[in-house]
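Below: the structure, in structure tokens.
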Amino acid sequence: MQDRLTYPVSLRERLREDLQAVHDALDQKISTLDLTDRGEYRAFLAMTHMALSGIEAEGGDATGLLDEMVRALAEDLEALGDPASAPLAPVRVHPLALDYVLIGSRLGTQVLRKRWLAGADPQVKAADAYFSLPAQGAAWRALTDALGTMSGADRQAAEVVADARALFQRFSASLELCRTSLSPVLEPKRHGPHVPA
Ligand code: HEM
């Protein structure tokens, strides 16, 4: 049963706890991609573009960021000579779910950016719009402060958590749909970053 005794009190805690497993699974799959390799970088951009296109949320701080991210991804794909893929069906989510997933994802993007920066392929390095977007550290702190003051056990919390989960699933669905081109690189690698030594 899901009640206040089961869940941490704030919405901030509940989002982190409830969605950690789905985040970690996605992180592991995406982390198998070598972002210094032109084909794998293109696959990363394509699946991220597919996941983010068609998300609608009324209000929320991250709608402008969403547009910037989609635009930057399309620009990078074009620079690499690959048209953006057909989008998934549109989805409407609670604005706090969009803020959480999108602004939170910028934390992981800083990790991915370092991996991408280590590459030498000039075409990969020139397609730099997505990884040049600002990190959103201040927005993340403001958001988590606000979520920390909200209940993790009311109806809004249930809606935000469900919608944020749906957004993570949208990334997984994009990975699946891109699997034809991604399959060779999405197989677990023996020396991937998450395989213990
Ligand atoms: C593209 C899909 C991804 C989405 C939507 C996403 C989303 C998020 C969210 C919402 C958070 C905040 C978690 C919280 O504190 O409540 C987060 C944190 C984080 N993510 Fe991701 N993420 C994604 C991919 C990745 C990948 C591929 C990596 C690894 C390279 C990664 C690494 C991290 C790290 C290091 C944090 C910070 C954890 C902490 O400070 O406690 N993420 N991500």
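List of remarks:
- Flag for Leu143 being in contact (Cβ under 8 Å) with a residue 24 or more places away in the chain, touching a Leu at 6+ places or on another chain (Cβ under 9 Å) and farther than 23 Å from Val22 by Cα: no
- Residue match in the stretch 141-151 (condition: more than 11 Å from the ligand (Cβ to nearest atom), closer than 22 Å to Met69 by Cβ and surrounded by 17 or more Cβ atoms within 10 Å (Cβ to Cβ)): no
- Answer from Val101, Val70, Val93, Val111 - the residue that is of a type in the set (Val, Ile, Thr) and surrounded by fewer than 19 Cβ atoms within 10 Å (Cβ to Cβ): Val111
- Val185 being in contact with a helix residue (DSSP H, G or I) (Cβ under 9 Å, 6 or more places away or on another chain), modelled with pLDDT of 95 or more, more than 18 Å from Thr63 (Cα to Cα) and of a type in the set (Val, Ile, Thr): no
- The one condition in (1) away from the ligand (no atom under 12 Å from the Cβ); (2) without any contact (Cβ under 8 Å) to a residue 60 or more places away in the chain; (3) under 22 Å from Asp34 (Cβ atoms) that Pro95 fails to fulfil: (3)
- Criterion violated by Gly81 - all others in (1) modelled with pLDDT of 95 or more; (2) surrounded by fewer than 20 Cβ atoms within 10 Å (Cβ to Cβ); (3) within 21 Å of Ser132 (Cβ to Cβ) satisfied: (1)
- One residue from Gly81, Gly59, Gly39 being without any contact (Cβ under 8 Å) to a residue 40 or more places away in the chain, away from the ligand (no atom under 13 Å from the Cβ), more than 20 Å from Gly148 (Cα to Cα) and of a type outside the set (Asp, Glu): Gly81
- Exactly one residue among Gln136, Gln156 is within 12 Å of the ligand (Cβ to nearest atom) and under 22 Å from Leu15 (Cα atoms), and that residue is Gln136.
- Subset tally (residues that are more than 20 Å from Glu75 (Cα to Cα), buried (at least 16 other Cβ atoms within 10 Å of the Cβ) and either without any contact (Cβ under 8 Å) to a residue 40 or more places away in the chain or hydroxyl-bearing (Ser, Thr, Tyr) (or both)) for the stretch 117-140: 1
- Annotation for the stretch 113-124: at least one member residue is out of contact with any helix residue (DSSP H, G or I) (no Cβ under 7 Å at 6 or more places or on another chain) and within 16 Å of Thr48 (Cβ to Cβ).
- Residue within the stretch 2-15 that is within 25 Å of Ser132 (Cβ to Cβ) and either in contact with a helix residue (DSSP H, G or I) (Cβ under 8 Å, 6 or more places away or on another chain) or within 13 Å of the ligand (Cβ to nearest atom) (or both) present: no
- Considering residues of the stretch 24-59 that are surrounded by 20 or more Cβ atoms within 10 Å (Cβ to Cβ) and more than 20 Å from Phe131 (Cβ to Cβ) only, the residue nearest to the chain's Cα centre (by Cα): Ile55
The values are calculated or read from the model by the stated rules, or taken from the named source; none is laboratory data. All values reported here derive from a predicted model rather than from experimental measurement. All Cβ positions, even for glycine, are placed from backbone atoms using ideal geometry, and neighbour counts span all protein chains on display.
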